[in-house]
Amino acid sequence: ISEKLVNKWVKNLSKNPHLHDKIEFEVAITIYSFDIDEKLQSLVGDELSVEEKRTYKECIRAHSVELIEGKNDGSINKAMERIDFLSNKQKTYQDLIESTNLEHLPKLIEDCVNYGTIPFSILARHGFIAKTLLGSLEKNKILTKEEVSNLENSIETIAGELVNDLDKCANSKISKNNFMKKYGHLRPGTYDIQSPRYDQMVGFFSSIESAKESIGNLKKFDFSDSQKIAINNLFKSIGSEFDSNKFYEYVKKAIAGREYGKFIFTKSISTILELISKFGEQNGLSREDLSYIDIDDILSFNKSTINKEEKKSLASIIDFNRSKNILGSTIRLPQILFDTAGVYVVPFQVAQPNFITLKSATLDAVFLKTREYKINLKNKIVLIESADPGFDWIFGNSIGGLITKYGGANSHMAIRCAEFGIPAAIGCGEQRFETLKKAKKITLDCSSAILQKYE
């Protein structure tokens with residue numbers, strides 16, 4: 001059954017490459033939802049027999065109920081325990097950075113993987129489950145699109161805390177030093193060693209006034225009595241102990257947990273990059289030099305300083321990889337490769353943006369580069385390439401809208417804009433984004449799925 005399903009969904013994707021960032025919602029069935037029968041009809045069709053569909057439906061139902069009720073090792077609570085364990089370990093990391101000794105590097109990476117990346121992936125999975133279940137309630141007409149948007153707008157995440165703390169900084173309620181202790185590790189381009197962290201950005205606070213004006217207050221949300229009854233009955237029908245209150249709590253924990261997990265594991269990534277940069281500084285290697293060295297080459301050293309022969313070897317690696325990067329940056333590939341022909345003749349694949357909120361705006365546009373931060377973003381539609389958590393600082397600048405080149409319906413920036421009620425088009429794709437970033441003004445109409453540029 002699994003082989004038949006995967007083959008069917010790969011075939012569906014090849015016919016609809018614009019759905020590459022919506023696989024969880026419009027290509028494959030990865031979780032039980034309250035519109036499962038309609039999905040089986042539209043996404044599976046006759047690929048499975050009636051009996052095979054029944055078998056698959058029961059498997060995915062039992063698995064989904066276990067997950068949302070937290071009855072197995074994939075629970076939100078168990079993932080959060082590991083994230084909290086990593087957060088406590090990180091309190092000792094500053095001393096490691098100052099030591100410049102690479103002998104700590106393998107352990108830092110191991111901790112990041114086991115207590116950061118893996119539990120984050122579990123939390124991200126729960127984020128997809130929550131989004132899918134909400135979508136199925138909308139499909140069943142229990143919730144409206146606006147009510148789903150309001151529910152998402154009622155959930156405060158770590159990014160909401162960041163903006164609130166920026167506001168407190170602007171009003172001298174907390175010190176800038178305390179702000180940086182909590183958020184200083186963030187950097188636009190999480191894995192880019194050349195991108196400065198917040199605590200390395202000179203004048204970081206200069207463009208931030210009253211950050212809370214940027215996003216307004218979180219909306220309160222509650223299901224109506226009839227919605228509560230309908231949701232309770234749906235969970236009862238699939239053998240779950242959940243009711244509407246437990247479901248709302250699950251959605252909040254899944255979405256907020258995913259963002260908190262990412263926030264914590266990126267602190268480990270940032271520590272790793274800073275330790276490597278300190279090592280480079282001690283050995284005459286710039287951050288740009290280091291960006292051309294593979295992590296495995298760095299791991300071959302377990303000390304603070306290197307000898308002349310080792311420096312010569314690294315210089316050779318840097319030169320080779322720099323040349324390779326120049327060549328690689330000239331290559332254009334489609335968003336999805338189906339065969340080798342796509343390498344030689346790139347098929348034109350138009351991405352379908354994920355529109356967030358039901359709002360619209362027509363405003364001046366500004367393209368923000370990864371390492372750029374001294375720029376006026378107030379009441380502007382901001383264009384960035386990726387949905388990266390290091391860009392959360394922009395929400396303290398009263399932006400009017402957001403457009404990204406990459407990112408899915410449940411990506412970091414999609415969740416941010418839903419939380420803050422900011423109109424956004426997430427994942428426009430290369431062709432459309434490259435055109436939009438040259439525009440002076442853009443109309444972003446999320447309810448009508450319109451993006452219009454003005455020169």
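The values are calculated or read from the model by the stated rules, or taken from the named source; none is laboratory data. Just so it is clear, the structure is predicted and the values come from calculations on it, not from any experiment. With ideal geometry, Cβ positions are generated from the backbone for all residues, glycine too; neighbour counts draw on all protein chains shown. Each accessible area value is taken on the protein alone, full model and side chains, heavy atoms only, with ligands, DNA and RNA left out. Shrake-Rupley method; radii C 1.70, N 1.55, O 1.52, S 1.80 Å.
Every residue, every condition in (1) surrounded by 19 or more Cβ atoms within 10 Å (Cβ to Cβ); (2) over 30 Å from ILE238 (Cβ atoms); (3) aliphatic (A, V, I, L, M), yes or no:
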residue: ASP73; (1), (2), (3): no, no, no
residue: ASN77; (1), (2), (3): no, no, no
residue: LEU86; (1), (2), (3): yes, yes, yes
residue: THR92; (1), (2), (3): no, yes, no
residue: GLU98; (1), (2), (3): no, yes, no
residue: LYS107; (1), (2), (3): no, yes, no
residue: ILE118; (1), (2), (3): no, no, yes
Every residue from the stretch 250-280 that is in contact (Cβ under 8 Å) with a residue 60 or more places away in the chain, farther than 28 Å from GLU81 by Cβ and out of contact with any Ser or Thr (no Cβ under 6 Å at 6 or more places or on another chain): ILE276, SER277
Qualifying residue in the stretch 336-353 (condition: modelled with pLDDT under 90, touching a strand residue (DSSP E or B) at 6+ places or on another chain (Cβ under 8 Å) and farther than 24 Å from LEU285 by Cα): yes
The one condition in (1) open to solvent by less than 10 Å² (accessible area, probe 1.4 Å); (2) within 29 Å of ASN12 (Cα to Cα); (3) touching a Pro at 6+ places or on another chain (Cβ under 7 Å) that GLY429 fails to fulfil: (3)
Conditions (1) out of contact with any Leu (no Cβ under 6 Å at 6 or more places or on another chain); (2) in contact (Cβ under 8 Å) with a residue 40 or more places away in the chain; number of the one not met by GLY390: (1)
Which numbered condition ALA351 misses (of (1) closer than 30 Å to LYS253 by Cα; (2) open to solvent by less than 10 Å² (accessible area, probe 1.4 Å); (3) assigned to a loop (DSSP other than H, G, I, E, B); (4) among the aliphatic types (A, V, I, L, M)): (1)
Residues satisfying the stated conditions in the stretch 275-316, i.e. of a type in the set (A, V, I, L, M, F, W, C), assigned to a helix (DSSP H, G or I) and either modelled with pLDDT under 90 or within 32 Å of the chain's Cα centre (by Cα) (or both): LEU275, ILE276, PHE279, LEU290, ILE295, ILE298, LEU299
Check on GLU281, on the phi < 0 side of the Ramachandran plot, among the acidic types (Asp, Glu) and buried (at least 19 other Cβ atoms within 10 Å of the Cβ): no
THR330 exposed (fewer than 14 other Cβ atoms within 10 Å of the Cβ), among the hydroxyl-bearing types (Ser, Thr, Tyr), part of a loop (DSSP other than H, G, I, E, B) and free of Cβ contacts under 8 Å to residues at least 12 places away in the same chain: yes
